[in-house]
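Chemist: My questions will all concern the structure given below.
The values are calculated or read from the model by the stated rules, or taken from the named source; none is laboratory data. Treat the numbers as computed from the prediction; the structure is a model and nothing was measured. Glycine gets a Cβ as well: all are built from the backbone with ideal geometry, and neighbour counts include every protein chain shown.
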Amino acid sequence: MKRRKFIVNSLLAIGGIMVAPNLISCSNDDDTFTSELPPDLSNDNFNEGVASFDPTSSEVIIWSRYTTTNASVDVIWQVATDINFQSIVRSGTVTTDASRDYTISIELQNLETNQKLYYRFVNVADKTVSIIGETITLPQNAAEIKLAVCSCANFQAGLFNSYKAMAESDSDIIVHLGDYIYEYAPGEYGTTPETIALGRIHEPDNEIVTLDDYRIRYKQYRNDENLKLAHQKKPFICVWDDHEITNDAYKDGAENHQTNEGSYEVRKQAAIQAFSEYLPVRTVDITKIYRSINLGNLVNLLMLDTRVIGRDEQLNYTNYIDGAGNFDAVTFQTDIQDPSRSMLGATQRDWLLGNLASNTTAWKVLGQQVLMGKMFIPAEMIITLGTILAEISASGSISTATLQGFQTQLGELVQIKVRVQANDPTLTPQEIGRVSFALPYNLDAWDGYPIEREAIYSAVSDGRLVCLAGDTHNAWCSNLNSVANETKGKEFATSSVSSPGFEGLLGNDSAQLAGFEQAMQVLIDDLSYLNASQRGYLKMTFTTTQVAGEWVFVDNILATTFNASIGKTETFS
């Protein structure tokens with residue numbers, strides 16, 4: 001027994017377990033180094049299942065949560081190389097309590113490379129055991145890495161069928177780019193009569209603001225069977241976007257935070273605390289989620305925080321339009337070109353630029369929230385889209401006259417742009433002006449922070465930058481071109497898991513949406529692909545010579561039976 005105790009203590013002492021502020025330390029109880037468990041165990045109380053996070057060639061975080069009314073609870077955890085737990089490689093006992101909402105996060109280090117691992121959690125006193133989770137360590141030098149990339153999973157907008165499709169895919173890792181939860185109250189954004197009939201109603205019964213609110217919302221999402229399956233089958237790498245806090249967040253505030261909701265800083269810290277409990281990140285400071293993850297010496301995955309730590313408040317077009325409807329283009333250009341405006345903050349930006357300049361892996365990949373590619377559209381379309389949004393906000397739908405006017409406008413602009421591209425000598429200055437006076441359609445994206453975007457591009461010398469993005473609920477692919485028209489890489493942006501895309505603005509008419517997609521590809525110079533209406537995820541395959549992006553779409557989010565298919569494939573080398 002003394003020798004057995006010594007072996008266990010040695011495994012713990014040599015770095016098998018690392019403790020960080022958002023992770024629980026483990027005891028060195030050697031009695032848990034066994035595959036034998038008490039008989040007649042149930043899955044009760046491990047209601048949120050299991051999960052794993054941030055895998056590398058030698059590290060991974062394993063997670064679960066225990067439901068109890070006790071002040072604290074002791075939970076055994078085990079990691080094995082076989083599903084029957086005959087070959088246990090790590091084990092221990094942890095104590096969790098209400099201070100972390102009874103979540104359990106264990107960071108394992110010094111694991112063998114290129115392994116399939118199984119893990120579980122046990123409460124002997126209550127005779128309960130979790131479902132068995134599956135995770136991996138990566139090869140030291142991978143020939144291929146497959147990532148399932150997703151974002152924007154609004155519980156109230158429909159079923160999480162995309163998560164099930166990811167769980168059943170051959171992807172190695174799921175990369176979640178944010179909006180893992182939504183903050184809205186029941187019946188608000190994304191809700192339809194069909195989703196209410198499915199029981200997709202947010203808990204608690206209010207917009208979430210306090211720490212308890214955020215915890216309840218995470219538990220609701222994590223009880224979804226499709227999301228639970230995805231976490232059980234695949235390790236996740238996560239960052240937050242805005243809805244983990246509140247809509248259109250920035251470092252000092254948010255569009256969806258009002259003064260009657262108390263201190264924004266208190267709300268933000270509560271949201272970050274809950275995020276760290278349910279989506280642990282390998283970090284020494286839970287407020288800093290930007291980090292570099294080496295995936296098999298093939299991909300240097302740079303996960304960014306474009307929301308909380310450094311973002312200056314977004315510009316808003318309404319602040320540049322006077323009472324007569326005139327747009328102050330001079331002041332707008334001065335403000336948007338202000339070199340002090342930042343999305344990342346100085347510390348994160350310096351860290352990112354250093355990584356881009358020094359890393360020697362085959363692919364430098366940004367895992368971040370918002371579109372980086374230039375999305376400039378004719379300025380008159382900005383006004384029309386503003387009208388559409390105002391009508392939807394006021395009445396819940398777009399008027400027939402406004403929709404027909406938009407379609408006419410779009411057709412005219414496309415015709416003019418095609419003639420410009422063909423150097424048509426009959427074009428009038430007024431026609432040329434209609435398509436040449438272009439503005440960013442989305443100031444919340446990198447288009448609203450163009451100087452900092454150019455600083456990132458300047459650190460890329462080999463043109464092998466890959467940007468992953470979410471946030472918009474639509475699928476995009478764009479060339480990443482600098483202001484000097486140098487190609488720095490390619491952006492692959494995923495559709496949403498459930499949140500509505502442009503069909504929420506323009507309706508569900510397939511021909512109308514196809515026309516809009518084609519028009520946007522003509523009008524936006526750097527855009528090569530847009531899917532404006534389907535839900536799904538993005539599958540990225542990296543080899544030493546090529547990147548392939550496959551947009552996988554599910555055919556419905558209102559029924560439990562569905563089909564998943566590839567809608568588009570783009571390659572980059």
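Chemist: Among the candidates A51, A80, A71, which residue alone is over 32 Å from the mean Cα position of the chain (by Cα), hydrophobic (A, V, I, L, M, F, W, C) and at pLDDT 95 or above?
Modeler: Going through A51, A80, A71 in turn, the sole match is A71.
Chemist: Assuming S342 fulfils every condition listed in (1) in contact with a Leu (Cβ under 9 Å, 6 or more places away or on another chain); (2) within 14 Å of L443 (Cα to Cα); (3) crowded, with 17+ Cβ neighbours inside 10 Å apart from one, which condition is it?
Modeler: (1)
Chemist: Quick one: in region 303-326, of everything that is among the hydrophobic types (A, V, I, L, M, F, W, C) and under 23 Å from S340 (Cα atoms), which residue is surrounded by the fewest Cβ atoms within 10 Å (Cβ to Cβ)?
Modeler: Going through the qualifying residues, I end up with I309.
Chemist: What number of residues within region 42-54 satisfy the criterion of being in a strand (DSSP E or B) and closer than 30 Å to A143 by Cα?
Modeler: Of the residues in region 42-54, 4 are in a strand (DSSP E or B) and closer than 30 Å to A143 by Cα.
Chemist: Would you please list the contacts, defined by Cβ atoms under 6 Å and residues six or more apart or on different chains, that run from a residue in region 38-57 that is buried (at least 22 other Cβ atoms within 10 Å of the Cβ) to a residue that is of a type in the set (F, W, Y)?
Modeler: A51/W63; F53/F236
Chemist: Hey, another quick one. Based on what the data block shows, is T561 of a type in the set (V, I, T), modelled with pLDDT of 95 or more, under 18 Å from A157 (Cα atoms) and more than 18 Å from the chain's Cα centre (by Cα)?
Modeler: Here the answer is yes, as T561 does meet what is asked.
Chemist: Can you name every residue in region 55-93 that is among the polar types (S, T, N, Q), over 28 Å from N141 (Cα atoms) and in contact with a helix residue (DSSP H, G or I) (Cβ under 7 Å, 6 or more places away or on another chain)?
Modeler: Matches in region 55-93: T93 only.
Chemist: Would you be able to tell me the number of residues in region 408-432 that are out of contact with any helix residue (DSSP H, G or I) (no Cβ under 7 Å at 6 or more places or on another chain) and either in contact (Cβ under 8 Å) with a residue 12 or more places away in the chain or more than 30 Å from P500 (Cα to Cα) (or both)?
Modeler: 12
Chemist: Let me ask something else. Identify all residues within region 192-201 that are part of a loop (DSSP other than H, G, I, E, B), touching a residue at least 12 places away in the same chain (Cβ under 8 Å) and within 14 Å of F160 (Cα to Cα); write none if there are none.
Modeler: Within region 192-201, L198, R200, I201 meet the criteria.
Chemist: Within region 422-441, can you find the residues that are part of a loop (DSSP other than H, G, I, E, B), modelled with pLDDT of 95 or more and either crowded, with 18+ Cβ neighbours inside 10 Å or polar (S, T, N, Q) (or both)?
Modeler: N423, T426, T428
Chemist: Here is a follow-up. Exactly one of (1) in contact with an Asp or Glu (Cβ under 8 Å, 6 or more places away or on another chain); (2) free of Cβ contacts under 8 Å to residues at least 60 places away in the same chain; (3) under 29 Å from E313 (Cα atoms) is unmet by Y441. Its number?
Modeler: (2) is the only condition that Y441 fails.
Chemist: While we're looking at this one, here's another question. When the residues of region 107-134 are filtered to those that are assigned to a loop (DSSP other than H, G, I, E, B) and in contact with a helix residue (DSSP H, G or I) (Cβ under 9 Å, 6 or more places away or on another chain), which remaining residue is surrounded by the most Cβ atoms within 10 Å (Cβ to Cβ)?
Modeler: L111
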